[in-house]
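Quick notes on the structure that follows.
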Amino acid sequence: MKQALYIDCCIRGEASRTRKLAEAFFAALPEAWQVTTVNLMKEDFRPLSGEFFERRETLLKSGKTDDPRFDRARELAAADLIVIAAPFWDMSFPALLKVYIENVSVEGITFRSTAEGLKGLCAAERCVFLTTRGGAYPAGDPLEQAVPYLRAIQMFFGIGDLTCVAADGLDLDGADPEALLANACAEATALARTL
Ligand SMILES: Cc1cc2nc3c(=O)[nH]c(=O)nc-3n(C[C@H](O)[C@H](O)[C@H](O)COP(=O)(O)O)c2cc1C
């Protein structure tokens, strides 16, 4: 079976509109996919600092990439499809997702160093980023820093392609958030059916 890894960063839980977008996507994803969820709100990831950072350095210097500390990195590297759901916060995505990325960015698992530069080691050919935003940000808007950063990470980890589905402008005056979200859910549904 093909393995999909769902990275859930919908911090507002049941109230999250991004979570609803993700639910529409997974409802339409063909049954050939086995989905594993990483609920970032329930994980104990920490930013790399102090003793937590030193311990990681020691493990990596001694080549212990099989340590349980790197389970999530190995899981990411092995998945065939990565799906990230996160709201737009402070011109990007929540820090919780950055902390996850920091913890799965592990030399020898998700990337390696070569004479030609860094090479991604992740198997996934596709990455899907599902998001909702209070404001509206057309593709390429310099104020929107979530997608450009995730594209850089996708290339760094060697993941084939990143597709973003966004519900934009949900908190703008006069907006119809239900209609905007419904449009994005339809887009997410159509995308999932192609996978
Ligand atoms: C902490 C926080 C930061 C936010 N920052 C931004 C922002 O920088 N730009 C913006 O357009 N909307 C911002 N918003 C609005 C959210 O992007 C918007 O309400 C989104 O739909 C929330 O997703 P959710 O329902 O999945 O939580 C912010 C909301 C919160 C709670």
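Key figures
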quantity: Checking Glu51 against (1) in contact with a helix residue (DSSP H, G or I) (Cβ under 9 Å, 6 or more places away or on another chain); (2) open to solvent by 60 Å² or more (accessible area, probe 1.4 Å), the condition it does not meet; calculated: (1)
quantity: Residue check, Gly160 surrounded by fewer than 16 Cβ atoms within 10 Å (Cβ to Cβ), of a type in the set (Gly, Ala, Ser), outside any strand (DSSP E or B) and modelled with pLDDT under 95; calculated: yes
quantity: Only listed residue being within 30 Å of Ser49 (Cβ to Cβ), of a type in the set (A, V, I, L, M, F, W, C) and touching a residue at least 60 places away in the same chain (Cβ under 8 Å), chosen from Leu76, Leu181, Leu162; calculated: Leu76
quantity: Residue tally, condition open to solvent by less than 30 Å² (accessible area, probe 1.4 Å) and in contact (Cβ under 8 Å) with a residue 40 or more places away in the chain, over region 6-46; calculated: 15
quantity: Selection count where residues are surrounded by 19 or more Cβ atoms within 10 Å (Cβ to Cβ), touching a residue at least 60 places away in the same chain (Cβ under 8 Å) and in a helix (DSSP H, G or I), scope region 82-110; calculated: 2
quantity: Residue count for region 65-91, restricted to those that are within 16 Å of the ligand (Cβ to nearest atom) and either more than 12 Å from the chain's Cα centre (by Cα) or under 17 Å from Asp44 (Cα atoms) (or both); calculated: 4
quantity: Subset of region 141-157 (residues that are within 16 Å of the ligand (Cβ to nearest atom) and either part of a loop (DSSP other than H, G, I, E, B) or of a type in the set (A, V, I, L, M) (or both)); calculated: Asp141, Pro142, Leu143, Glu144, Gln145, Ala146, Val147, Leu150
quantity: Qualifying position, being part of a loop (DSSP other than H, G, I, E, B) and either surrounded by 13 or more Cβ atoms within 10 Å (Cβ to Cβ) or among the aliphatic types (A, V, I, L, M) (or both), among Gly134, Gly174; calculated: Gly134
quantity: Residue in region 42-64 that is in contact with a Phe, Trp or Tyr (Cβ under 8 Å, 6 or more places away or on another chain) and within 16 Å of the ligand (Cβ to nearest atom) present; calculated: no
quantity: Residue in region 6-26 that is modelled with pLDDT of 95 or more and more than 16 Å from the ligand (Cβ to nearest atom) present; calculated: no
quantity: Residues within region 137-157 that are within 18 Å of the chain's Cα centre (by Cα) and surrounded by 18 or more Cβ atoms within 10 Å (Cβ to Cβ), tallied; calculated: 7
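The values are calculated or read from the model by the stated rules, or taken from the named source; none is laboratory data. Fair warning: this is a prediction, and the values are worked out from it, not measured in the lab. Virtual Cβ from ideal backbone geometry, glycine too; neighbours counted across all protein chains shown. Ligands, DNA and RNA are excluded from the accessible area calculation, which covers all protein heavy atoms including side chains. Shrake-Rupley method; radii C 1.70, N 1.55, O 1.52, S 1.80 Å.
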